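The values are calculated or read from the model by the stated rules, or taken from the named source; none is laboratory data. All figures in this text were calculated on a predicted structure; none of them were measured in a lab. Every residue, glycine among them, receives a Cβ derived from its backbone with ideal geometry; neighbour counts consider all protein chains shown.
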Amino acid sequence: MAVTLGEFVKWLEELIPPALQEHYDNSGLQTGYPAAEVDSVLLAVDVTPDVIGEAVTHGCQLVVSHHPLIFTPLKRLAFGSDTERSVAAALKNNIAVYSAHTSFDNVQHGVSHILAEKLGLQFIRVLVPLSGKLSKLVTFVPSTYAGSVRDALFAAGAGQIGNYDRCSFNVQGEGTYRAGEGADPFAGRIGEDHSEAEVRIEAVMPSHLSGACVRALLSAHPYEEVAYDIIALENEYPGAGAGAIGTLPAPVRGSELLGRLKLLTGMPFIRYSGDTSRLLTTVAVCGGSGSAFIPAAARAGADAFITGDIKYHTFAEAPENLLVADAGHYESEKFSLEILHNLIHKKFPNFALRFSEIKTNPVNYFQ
């Protein structure tokens, strides 16, 4: 079953919202004609000329990657860099490219979550929740319609707080209005004051879903003119953010955890700092380059923190009671392609899906 590229992107962005990406990022559609049909996808961490060639060879119309093909603005297409050559090859061969980078990092069950799962962690949660990504919708509904309006808001994505859904606050009150000429009032008469028993409904929603929630409200509300407020919140959003933290089923020595990590990632060695003889219970991870979150891991009570791209001085300045390990940038992110594969296969079971066989990791290890 073929769908258009635009339909595929719309579906994927409902699961991995671009609104969750960092300000410096360029997640989203990189190349491609939204009306073109898609039924074959190549999954890759990076997009290189060889990856585009691989897509052409296997008849894949779309490459879905983690790292963006275009990370910084291009000023020319003169075949002077891998990015320029990749973009040119994609355009020449009608290969669409979609990249989910920090949006995929920040979504709750994204890059870091699967790394935590692979390490056997339980009770996994976001390590550093995003702030400023939530809003509160407030509206006023006739009492007899309060239930149906709440249901509509919940179905659109409002009312999720941590592990609880369908959350709202409701207060009984009285609304007043006077309908003017040309109005079609829910109750009352044209030109006469009217009062109506109403419920004030408040529900928190991710800000990127505010449009969908308002549309659901307007569709379910019986009034011709619907009163509502959208209030920006500074609260942390526990459903999105950087890194993940969880607990091991049973305490293990630091040396055992590093051994597991080495086996899992295929790294020839693991760079680390800290005492490997200590027993560890709580472990934090961040796929990619996450050394900036070492203090957050310590504050969250982690015994160990795993990420990539750790510098010498960062190792030196890490808290003494925290085992810090560098699992490699590529190596700590590569498992995210499994999430994409499972999501796409579940939604589009007839799609041809392939994992790229091209080695795109620029880091090599001499043994």
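Exactly one residue out of LEU248, LEU261 is part of a strand (DSSP E or B) and either of a type in the set (Val, Ile, Thr) or in contact with a Leu (Cβ under 9 Å, 6 or more places away or on another chain) (or both): that is LEU248. The residue pairs whose first member lies in segment 209-223 and is farther than 26 Å from ALA240 by Cβ, whose second member is surrounded by 13 or more Cβ atoms within 10 Å (Cβ to Cβ) and of a type in the set (Lys, Arg), and whose beta carbons are closer than 9 Å, counting only pairs six or more residues apart or on different chains, are ALA220/ARG150. Are any of the residues in segment 96-104 in contact (Cβ under 8 Å) with a residue 60 or more places away in the chain and of a type in the set (Val, Ile, Thr)? For segment 96-104, residues in contact (Cβ under 8 Å) with a residue 60 or more places away in the chain and of a type in the set (Val, Ile, Thr): present.
Taken together, the residues in segment 106-142 that are more than 16 Å from ALA300 (Cβ to Cβ), of a type in the set (Val, Ile, Thr) and in contact with a strand residue (DSSP E or B) (Cβ under 7 Å, 6 or more places away or on another chain) amount to 5.
The conditions of being under 23 Å from ASN342 (Cα atoms) and surrounded by fewer than 21 Cβ atoms within 10 Å (Cβ to Cβ) are not met by THR83.
Only a single criterion out of (1) within 30 Å of GLU22 (Cα to Cα); (2) in contact with a strand residue (DSSP E or B) (Cβ under 7 Å, 6 or more places away or on another chain) is not satisfied by LEU257, namely (1).
The residues on offer are GLU357, GLU331, and the sole one that is buried (at least 17 other Cβ atoms within 10 Å of the Cβ), under 30 Å from VAL41 (Cα atoms) and acidic (Asp, Glu) is GLU331. So, ARG178, is that one within 17 Å of SER219 (Cβ to Cβ), surrounded by 13 or more Cβ atoms within 10 Å (Cβ to Cβ), modelled with pLDDT of 95 or more and not hydroxyl-bearing (Ser, Thr, Tyr) or not? Answer is no for this residue.
Residues in segment 96-155 that are in contact with a helix residue (DSSP H, G or I) (Cβ under 8 Å, 6 or more places away or on another chain) and among the hydroxyl-bearing types (Ser, Thr, Tyr): TYR98, THR102, SER103, SER112, SER135, THR139, TYR145, SER148. Going by the structure shown, is ARG150 out of contact with any Asp or Glu (no Cβ under 6 Å at 6 or more places or on another chain) and among the charged types (D, E, K, R)? Yes; evaluated as a whole, the condition is true for this residue. Does at least one position in segment 263-278 carry a residue that is on the phi > 0 side of the Ramachandran plot and not assigned by TED's automatic domain parsing to the domain that holds ARG150? Yes, some residue in segment 263-278 is on the phi > 0 side of the Ramachandran plot and not assigned by TED's automatic domain parsing to the domain that holds ARG150. Take LYS346 and tell me if it is of a type in the set (Lys, Arg) and not assigned by TED's automatic domain parsing to the domain that holds ASP39. For LYS346, the condition - of a type in the set (Lys, Arg) and not assigned by TED's automatic domain parsing to the domain that holds ASP39 - is not met. Scanning segment 68-83 for residues that are of a type outside the set (D, E, K, R) and either at negative phi or under 26 Å from the mean Cα position of the chain (by Cα) (or both) returns PRO68, LEU69, ILE70, PHE71, THR72, PRO73, LEU74, LEU77, ALA78, GLY80, SER81, THR83. Of the residues making up segment 35-67, those that are over 24 Å from the mean Cα position of the chain (by Cα), part of a loop (DSSP other than H, G, I, E, B) and of a type in the set (Asp, Glu) number 0. Looking across segment 213-245 at every residue that is β-branched (Val, Ile, Thr) and not in a loop (DSSP other than H, G, I, E, B), the one that is surrounded by the most Cβ atoms within 10 Å (Cβ to Cβ) is identified as ILE245. Note on segment 181-212: residues that are over 30 Å from GLY239 (Cα atoms), small (Gly, Ala, Ser) and crowded, with 16+ Cβ neighbours inside 10 Å total 1. When residues in segment 1-34 are screened for being part of a loop (DSSP other than H, G, I, E, B) and closer than 15 Å to ILE344 by Cα, 3 of them pass. One residue is enough: does segment 122-144 have a residue meeting the conditions touching an Asp or Glu at 6+ places or on another chain (Cβ under 7 Å), among the charged types (D, E, K, R) and within 20 Å of LEU20 (Cα to Cα)? Checking segment 122-144: at least one residue is touching an Asp or Glu at 6+ places or on another chain (Cβ under 7 Å), among the charged types (D, E, K, R) and within 20 Å of LEU20 (Cα to Cα). Residue pairs whose Cβ atoms lie under 7 Å apart, sitting 6 or more positions apart in sequence or on different chains, and linking a residue in segment 114-125 that is more than 15 Å from LEU258 (Cα to Cα) to a partner that is small (Gly, Ala, Ser) and assigned to a helix (DSSP H, G or I), are ILE114/SER336; ILE124/ALA116. Restricting GLU22, GLU13 to those that are under 30 Å from SER210 (Cα atoms), in contact with a helix residue (DSSP H, G or I) (Cβ under 7 Å, 6 or more places away or on another chain), surrounded by fewer than 21 Cβ atoms within 10 Å (Cβ to Cβ) and acidic (Asp, Glu) reduces the list to GLU22.
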